[in-house]
1. Over the chain, with the other protein chains present, what is the accessible area per residue in square angstrom, probe 1.4 angstrom?
2. For helix 325-340, report the angle its Cα long axis makes with the longest principal axis of the Cα atoms of the chain; keep it between 0 and 90° and round to the nearest 10°.
3. Compute the length gained on full extension between residue 57 and residue 418: take 0.36 nm times their separation in residues and subtract their Cα-Cα distance, giving the result in nm to one decimal.
4. Could you state the angle between the C-alpha long axis of helix 86-104 and the longest principal axis of the C-alpha atoms of the chain, as a value from 0 to 90 degrees rounded to the nearest 10?
5. Charges at C-beta only: +1 for Lys and Arg, -1 for Asp and Glu. How large is the resulting dipole of the chain about its Cα centre, in Debye rounded to 20?
6. Along the Cα-to-Cβ line of residue 327, 7 Å from the Cα, sits a label point; which residues in region 427-441 have backbone N less than 16 Å from it?
7. Under a Cβ-only charge scheme (Lys and Arg +1, Asp and Glu -1), can you give me the dipole magnitude of region 66-206 about the Cα centre, in debye to the nearest 20?
8. Kindly report, to the nearest 10 Å², the accessible surface of residue 302 as traced by a 1.4 Å probe over protein heavy atoms only.
Amino acid sequence: MFSDNTMTTSPLKAKKTNVRWIIVSILFAITAINYADRATISIAGSAIQHDLGLTSIQMGYIFSAFGWAYVIAQLPGGWLLDRYGSKKVYAIGLVLWSISVMLQGFSAFFAGITAAVVLFSFRYLMATFEAPSFPANARIVAAWFPKQERGTASSIFNAAQYFATVIFAPLMGWIVHYFGWHYVFFVMGAIGLVMLIFWLKFIHDPKEHPMANKAEVDYIEEGGGLVSMDMGKKDKTAKQKGPNFNLIKQLLMNRMFIGIYLAQYCINAMTFFFISWFPVYLVQARGMDILHAGFAAAIPALCGFSGGIFGGVFSDFLLRKGYSLSLARKFPIVGGMIMSMAMIGCNYVDSIPLVILFMSLSFFGKAFGALGWAVGSDTFPKEISGLAGGLFNMCGNLSSITTPIVIGYIVAVTGSFEWALVFTVAHGFVAAFCYLFLVGDIHRVELKTVKE
């Protein structure tokens with residue numbers, strides 16, 4: 001129900017509220033915690049490897065535990081979102097993944113391979129429960145924002161992954177240094193549980209939000225926002241017992257989506273270098289201690305945060321200036337991916353400040369071009385936006401499995417990180433190629449048939 005101020009009569013048009021920006025602020029905060037929970041093991045990685053006596057290859061597999069579960073759970077998670085709505089599924093996931101984070105800390109009470117198995121298992125569970133989060137973010141943005149604001153809104157929640165490192169990497173490095181690596185998991189899990197209070201209070205459908213007036217909802221709807229996406233789901237019994245694979249086939253055979261999926265795989269590969277191996281790189285390849293590595297990792301992350309916000313704002317600016325949706329989204333993506341390749345400069349310098357500079361340029365560019373979720377909000381079929389988001393995120397996060405493992409083998413075989421950086425940079429080139437030559441015109445896909 002709309003708030004009472006929509007019921008007053010006035011010869012002037014009621015001024016619209018701006019609740020949608022509160023909504024995206026909540027998405028930003030919880031996504032920052034989401035990514036900080038993923039990054040706990042990278043900050044604690046060197047200490048874990050030392051205490052448990054693990055090789056770089058074994059650490060690569062532990063890093064990849066998140067990816068295995070996250071990818072497998074994407075389609076079920078997307079289907080749950082379409083069936084039960086974003087608010088309920090996200091809330092349950094937030095509680096369960098936060099508990100799983102806390103349980104990872106108990107691996108410190110075991111030894112050797114047993115500890116590694118315990119850590120892998122609870123990290124696997126954490127990823128399973130986090131799976132619906134980004135598709136839910138995209139669904140909520142599609143419901144709460146008109147097309148001309150969707151790039152900015154998507155970039156805000158997506159930029160939280162970089163802000164997470166800015167805020168939490170120094171905190172987690174300090175905790176590891178002074179208290180021990182297992183306390184990182186206890187603290188971060190507890191923070192996630194606290195955020196549930198804000199989620200339940202502020203997240204509602206546009207037409208049911210007590211703080212949003214009719215003028216705002218009309219503004220969103222007139223701009224293409226899917227304001228009724230989850231209306232009535234609480235009273236509806238879905239006939240379908242799982243994801244519709246006929247609809248998935250339509251998405252997989254669409255050339256635009258093929259290009260978007262492959263590009264997102266490459267963009268995420270760069271992300272997972274930063275949130276898994278980058279702190280380890282600073283410690284092992286550049287000789288930093290974990291406390292200083294935590295603070296040093298925050299500098300490129302801060303650049304990533306600013307790049308992520310600026311990329312979305314710039315894309316929406318082009319859209320408002322009358323440029324096509326395709327150009328407004330592709331231009332920052334391709335430009336950002338080219339800039340992301342600056343990382344390769346680290347292989348040719350010995351200076352720590354120059355390493356941080358090249359990583360900062362790379363992180364800024366990668367974030368500036370990370371508009372995949374904005375493109376998703378523009379293109380996913382409205383009938384199955386959760387399922388489509390799950391498929392998109394599944395394809396993108398296959399790199400969360402491959403990247404940590406491949407880099408682990410590269411480091412083990414070569415004894416250095418130089419080829420690991422080459423491997424990471426190549427993904428930026430491929431992502432740019434996809435948007436230039438594969439994706440084509442960006443538009444919302446209409447399904448041929450929708451089977452109930």
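The values are calculated or read from the model by the stated rules, or taken from the named source; none is laboratory data. Computed from a predicted model, the values in this text were never measured in an experiment. A quick note on method: Cβ atoms are made from the backbone with ideal geometry, for glycine too, and the neighbour counts reach across all protein chains shown. Side chains included, ligands, DNA and RNA excluded: accessible areas come from the protein's heavy atoms. Shrake-Rupley method; radii C 1.70, N 1.55, O 1.52, S 1.80 Å.
1. Result: 39 Å² per residue.
2. The two axes meet at around 10 degrees.
3. Numbers: separation 361, 0.36 × 361 = 129.96 nm, distance 1.65 nm.
Here the segment from residue 57 to residue 418 would lengthen by 128.3 nm.
4. In the chain, helix 86-104 runs at an angle near 10 degrees to the longest axis.
5. Approximately 1040 debye in magnitude.
6. Only 436, 440-441 fall inside the zone, counting backbone N under 16 Å.
7. 220 debye
8. Result for residue 302: roughly 90 Å² accessible.
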